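Please treat every number below as a calculation from the coordinates, not as lab data. None of these values were measured; they are calculated from a predicted model. Cβ: placed from backbone, ideal geometry, glycine included. Neighbour counts: every protein chain shown.
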Amino acid sequence: MSEDKLTAKQRFKLKHFIKELEQPRGRHTELISVYIPAGYDMNKITNHLFQEQGTASNIKSKATKDNVITGLEKMMQHLKLYSKTPKNGLAVFSGNVSEREGQQDFKVWSIEPPVPLKQRLYRCDKEFVVEPLREQIDDVNAYGLVVLDKREGNVALLKGKTIIPLKKAQSAVPGKTRAGGQSSKRFERLREGAAKEFFKKMADMMKEEFLMNQELKGIIVGGPGHTKNEFVDGNYITDQLKQKIIALKDLSYTGEFGLQELLDKSDDVLSEEEVIEEKKLMQKFFNLLAKQPGMVNYGLEQVMDDIKMGVVEIVMLSEELDDNTIAEFEKEAEKLGSEVMMISTDTREGVQLRDLGKVAAILRYEVQR
């Protein structure tokens, strides 16, 4: 297993840690987030926090000042638990999380992330900064981004929250104002022909960049007006790629601004993707259970026996299992190349898995029982 490949247990724990940190909201910029990179001197961080505590005494609002100073004090006390910076660095969060104004409920969270931290960060804000942690979850997946209108188009890859530009193209579609002497019909034929050539060029770029990308989870297409719909609905994109298109988004821009706008408008789609993947996998399991029961199994002992026999392709573990059980299944699954998927209880299918015994498997081949 590569060092930057998260195990199912690591993804599960980090995902829930982030979810907990996303709940508190400060009334002012009083929630403190600190990221300490791998190999960084912990003493330097403590000294920095002490200096920030002195600076905080200048804050005009007494409530905000008290919350920041106390939050920093709690964080410094917590950091005394560490004689040195952990191997992968440390993310620490502190603040007054009381929901009632005027009351105090200070909490401190810390985590050594599964992937080494490369950035140092100190920030006071109305919410905790969790983006660097979220990217460690998202980086295992990639999404294709395509923005276009009839003037230009861009193809890019999204890894975590990082947009990686791949290719761009300019179209030869003439503007809507026709030159003197041209009939309107001939001019429209020229425009249509140039648009088709441009669409073919964009589709070829998508094929070159996305078709063989095994990490690609989906493609999002965006752009101003109806051009994106003409492109997707026409016979330009291969069926294999068209099936990967998960959303069309209306944009105001193309180019690099358009790619960023597409990312900003796709948070809803990307957050739902993981749940959709879980649902599809569990639906496949239940379909096989009904039609080819020899292709699946469920229950703690039954699935563990199948894993040890080497017949399991994918094992699904409910998020309600305890950490030790998850670790045991991961260890055995890794030995013979079985894939492990954590399944939440956010869906009906996830609840069914929980009620089945919290463990299920899709097998590599049919097993007679």
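Points to keep in mind about this one:
- Rg/Rh ratio calculated on Cα atoms of the stretch 59-115 (Kirkwood radius): 1.07
- Rh by Kirkwood over Cα pairs, then Stokes-Einstein D for the stretch 1-107 at 1.002 mPa s and 20 °C, µm²/s: 139 µm²/s
- For the cross-link pairs LYS126/LYS358; LYS74/LYS265; LYS118/LYS159, the ones whose C-alpha atoms lie over 26 Å apart are LYS126/LYS358; LYS74/LYS265.
- Going by neighbour counts of Cβ atoms within 10 Å, the residues ARG134, ARG100 line up, fewest first, as ARG100, ARG134.
- Here the stretch 245-320 was treated as a single set of alpha-carbon atoms; its pair distances binned every 5 Å from 0 give 3, 12, 17, 15, 12, 8, 8, 8, 8, 6, 3, 0 percent.
- FRET efficiency, 1/(1 + (r/R0)^6) with R0 22 Å, evaluated for ASP264 and GLN23 via beta carbons: 0.45
- Cα pair distances in the stretch 148-293, grouped into 10 Å bins until the bin that holds the longest one, percent each: 10, 35, 30, 15, 8, 2, 1, 0
- For the stretch 274-363, the normalised intensity computed at q = 0.12 Å⁻¹ comes to -0.30 (log10 of I(q)/I(0), Debye sum over alpha carbons, equal scatterers, no solvent).
- All-pairs alpha carbon distance profile, the chain, 20 Å steps from 0, percent: 23, 43, 29, 5, 0
- Amide H contacts under 5 Å for ALA142: LYS217, restricted to partners 5 or more places along the chain or on a different chain, H placed in the peptide plane at 1.01 Å from N.
- For the stretch 297-302, 3J(HN,Hα) per residue [Karplus equation, 6.51 cos²θ - 1.76 cosθ + 1.60, θ = phi - 60°, Hz, x = Gly/Pro]: 7, 8, x, 4, 5, 5
- Debye equation applied to the C-alpha atoms of the stretch 305-352, log10 I(q)/I(0) at 0.14, 0.18, 0.19 Å⁻¹: -0.34, -0.55, -0.60
- Efficiency of FRET from Cβ geometry, LYS80 and THR347, R₀ 45 Å, rounded to 0.05: 0.60
- Residues MET202, MET341, ranked from the fewest to the most other C-beta atoms within 10 Å, line up as MET341, MET202.
- Ordering 7-20, 230-243, 47-60 by mean Cβ neighbour count within 10 Å, with the highest value first, yields 7-20, 230-243, 47-60.
- More than 14 Å apart - percent of Cα-Cα pairs taken over the stretch 238-281: 61 percent
- The residues LEU289, LEU211, when put in order of fewest to most other Cβ atoms within 10 Å, stand as LEU211, LEU289.
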